[in-house]
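Data block below; observations after.
The values are calculated or read from the model by the stated rules, or taken from the named source; none is laboratory data. Because the structure is predicted, anything quoted here is derived from the model rather than measured. Note that we place each Cβ from the backbone using ideal geometry, even for glycine, and neighbour counts take in every protein chain shown. Protein only, heavy atoms only, side chains kept; ligands, DNA and RNA dropped before computing areas. Shrake-Rupley method; radii C 1.70, N 1.55, O 1.52, S 1.80 Å.
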Amino acid sequence: MYRFHYTDKEINEILKTMVIVADTREQKNEHITDYLQKKGVLVVTQKLDFGDYSCLIPKNETLGIPRNIYLNSVVERKADINELCTNLTNNNGHTFEAELLRSKGSKFVLFVEDPFFDRNIVEHNYRSQYKPESLRGRLDSLQARYNFEIRPVEKSMMGHVIYHRFRYEARNLLKQGAF
């Protein structure tokens, strides 16, 4: 199979066209979209089968991209531990786990807008009957089962973190000639 290899200059030009896709159900994300717009990154809204954000490199025949290329990568965002606990307890967590199951085979990361996420679990600084050791065990078990990561992120940095995660993943794939 022939793989196209881009120069660094071509990769940088392609990355300037990168589009962030936000799920139609994503709410209260102005802090993210404002950051991306200031960065000059196009954000489109469309229904995603799982996750809140994804990324695509749009078709651009001048740059050798014959079709839209969607990264096999998603970001799920939770506003805080309380939202995560609600997802784990509503319907006994089956809806959340079903989303993880649909994401299997994709790079999936869960960003929680709480820079003190781990400490807040240990100190039970959340509104849920989940005991800290039970919550930690449930989260660790889900991560092991579905091969994803949970990352605490400061709310004001969320747009930055989402953008750079997708940018460097796309850059790496372009360098490898994976598209």
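Okay, here's what the table says:
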| quantity | calculated |
| --- | --- |
| Every residue from segment 44-87 that is surrounded by 18 or more Cβ atoms within 10 Å (Cβ to Cβ), assigned to a strand (DSSP E or B) and within 14 Å of the chain's Cα centre (by Cα) | Y53, S54, C55, L56, S73, V74, V75, E76, R77, K78 |
| Scope segment 113-170; condition in contact with a His (Cβ under 8 Å, 6 or more places away or on another chain), within 24 Å of H94 (Cα to Cα) and surrounded by fewer than 14 Cβ atoms within 10 Å (Cβ to Cβ); matching residues | K131 |
| Test for I20: is it touching a residue at least 24 places away in the same chain (Cβ under 8 Å), touching a Phe, Trp or Tyr at 6+ places or on another chain (Cβ under 7 Å) and either over 20 Å from N60 (Cα atoms) or of a type in the set (A, V, I, L, M, F, W, C) (or both) | yes |
| Residue in segment 19-30 that is over 28 Å from D118 (Cα atoms), under 15 Å from the mean Cα position of the chain (by Cα), polar (S, T, N, Q) and open to solvent by 30 Å² or more (accessible area, probe 1.4 Å) present | yes |
| Cβ pairs under 8 Å, 6+ apart, first in segment 70-95 and without any contact (Cβ under 8 Å) to a residue 12 or more places away in the chain, second crowded, with 16+ Cβ neighbours inside 10 Å and in a strand (DSSP E or B) | N87/K78 |
| Selection within segment 138-162 - farther than 15 Å from E97 by Cβ and part of a helix (DSSP H, G or I) | K155, S156, M157, M158, G159, H160, V161, I162 |
